[in-house]
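Trainee: Handing you a structure now.
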Amino acid sequence: MKLFLDTANLVQIKKLNQMGIVDGVTTNPTLVAKEPGEFEDIVLAICKEVRGDVSAEVVSTDFEGMLAEAKHLSAIAPNVVVKVPMIPEGLRATKAISKSGTRVNVTLVFSANQGLLAAKAGASFISPFIGRLDDIGQRGMELVEDLVKIRDNYGLKAEVLVGSIRHPQHVLEAAKVGADIATMPPEVMEKMMQHPLTDAGLKRFLDDWEKAKKTKASITV
Ligand code: E4P
């Protein structure tokens, strides 16, 4: 499974990308609004840092506006994926944008039927938001399970990109059910690295090493 970062913060992206664990980045208007600077400059900097796919979202809600924004965004870098909302005009735009050769990530997917339509319209990525479903008392992972099944039943080319991830357990479950990609806040990726037994084990190894060094030194004296 590919792991993406869900942030527009270049410092955090660089830090984790150095470890070779970042396959791509997703942004959205909320995440970009938190960062200083122009949208295009932020997207370009991320695209230069990360070789994989970088989703940049349109803010228009009409067909022509989405098309114009898609043209502008896709010219920033070859690894830009245009993110389009799951609305009727968005489906129309998905068809046109993907036909023009630019890959589309259909976002704000909250039902399997929406995902099916997005795939049909030509989306390369379908983004179910699982944390927001959990928030309203629905099991977000069930949507991922459904989308993975539909993808497999029909050999859809659209990748299931799980978004709105809140904790490492979401990532693990997405991997177990066969999602293609999990996009997560940097904090979640950092938590995935941690285990108290790793820290305790390393401490014991280093303590034992130091003790042995002292014992050996005293024997040689
Ligand atoms: C995905 O592409 C979205 O940017 C994101 O995962 C939204 O997550 P949130 O529900 O934490 O805002």
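Trainee: Can you tell me the FRET efficiency between L172 and D62 if r is taken as the Cβ-Cβ distance and R0 is 45 Å, rounded to the nearest 0.05? Could you put the intermediate results ahead of the total?
Mentor: Details: r = 39 Å, r/R0 = 0.88.
My answer for the efficiency is 0.70.
Trainee: Run the numbers for E49 and K2: contour at 0.36 nm per residue of separation, minus the present Cα-Cα distance, in nm.
Mentor: Values: separation 47, 0.36 × 47 = 16.92 nm, distance 1.68 nm.
Residue separation times 0.36 nm, minus the Cα-Cα distance, leaves 15.2 nm.
Trainee: Using only DSSP helix segments of four residues or longer, with each worth -39500 (n - 2.57), what per-residue ellipticity at 222 nm results for the chain after dividing by its residue count and rounding to 500?
Mentor: Numbers: 11 runs with 122 residues, N = 221.
-17000 deg cm²/dmol, from helical runs alone.
Trainee: As an exercise, take the mean of 1/r over every pair of distinct alpha carbons in the chain, invert it, and state the Kirkwood radius in angstroms. Write down the numbers at each step before the final one.
Mentor: Values: mean 1/r = 0.0534 Å⁻¹.
When all Cα pairs of the chain are included, the Kirkwood radius is 18.7 Å.
Trainee: On to the next question. Which stretch or stretches of region 52-70 have amide N atoms under 12 Å from the point lying 7 Å from S100's Cα along the Cα→Cβ direction?
Mentor: What the label zone holds, given the 12 Å backbone N cut-off, is 63-70.
Trainee: Can you flag which of K15/K176; K83/K176; K15/K191 are past 18 Å Cα-Cα? The partial results should precede the final answer.
Mentor: Details: K15/K176 27 Å; K83/K176 26 Å; K15/K191 14 Å.
As for pairs spanning more than 18 Å Cα to Cα, those are K15/K176; K83/K176.
Trainee: As a test of reading the structure, rank K2, K211, K176 by solvent-accessible area (1.4 Å probe, protein chains only), most first.
Mentor: On the way: K2 65, K211 125, K176 155 Å².
From most accessible down to least: K176, K211, K2.
Trainee: Could you pull out every residue, at least 5 positions away or on a different chain, whose amide H is within less than 5 Å of the one on A123? Hs are placed 1.01 Å off N in the peptide plane, and Pro or chain starts have none.
Mentor: Those qualifying (amide H under 5 Å, at least 5 residues apart or on another chain) number zero.
Trainee: At a probe size of 1.4 Å, how large is the accessible area of R151, to the nearest 10 Å²?
Mentor: Rounded to the nearest 10, the figure is 40 Å².
Trainee: Ok, one more. For region 1-117, what is the accessible area per residue in Å² when the probe is 1.4 Å?
Mentor: On the way: 5590 Å² over 117 residues.
Value returned for region 1-117: 48 Å² of accessible area per residue.
Trainee: Name the shape class, rounded, prolate or oblate, that the alpha-carbon gyration tensor gives for region 115-168, where a ≥ b ≥ c are the square roots of its eigenvalues, rounded holds for a/c under 1.5, and otherwise prolate holds if a/b is larger than b/c and oblate otherwise. List each step's numbers first, then the result.
Mentor: Values: a/c = 2.26, a/b = 1.97, b/c = 1.15.
In terms of gyration-tensor shape, prolate.
Trainee: Once fully extended, how much extra length lies between K157 and I219, figured as 0.36 nm per residue of separation less the alpha-carbon to alpha-carbon distance?
Mentor: On the way: separation 62, 0.36 × 62 = 22.32 nm, distance 6.72 nm.
Length difference between fully extended and current span is 15.6 nm.
The values are calculated or read from the model by the stated rules, or taken from the named source; none is laboratory data. The structure presented is a predicted model; accordingly, all values stated were derived computationally and were not measured. Neighbour counts run over all protein chains shown; Cβ positions are idealised from the backbone, glycine included. Please note that ligands, DNA and RNA were not included when accessible areas were found on the heavy atoms of the full protein model with its side chains. Shrake-Rupley method; radii C 1.70, N 1.55, O 1.52, S 1.80 Å.
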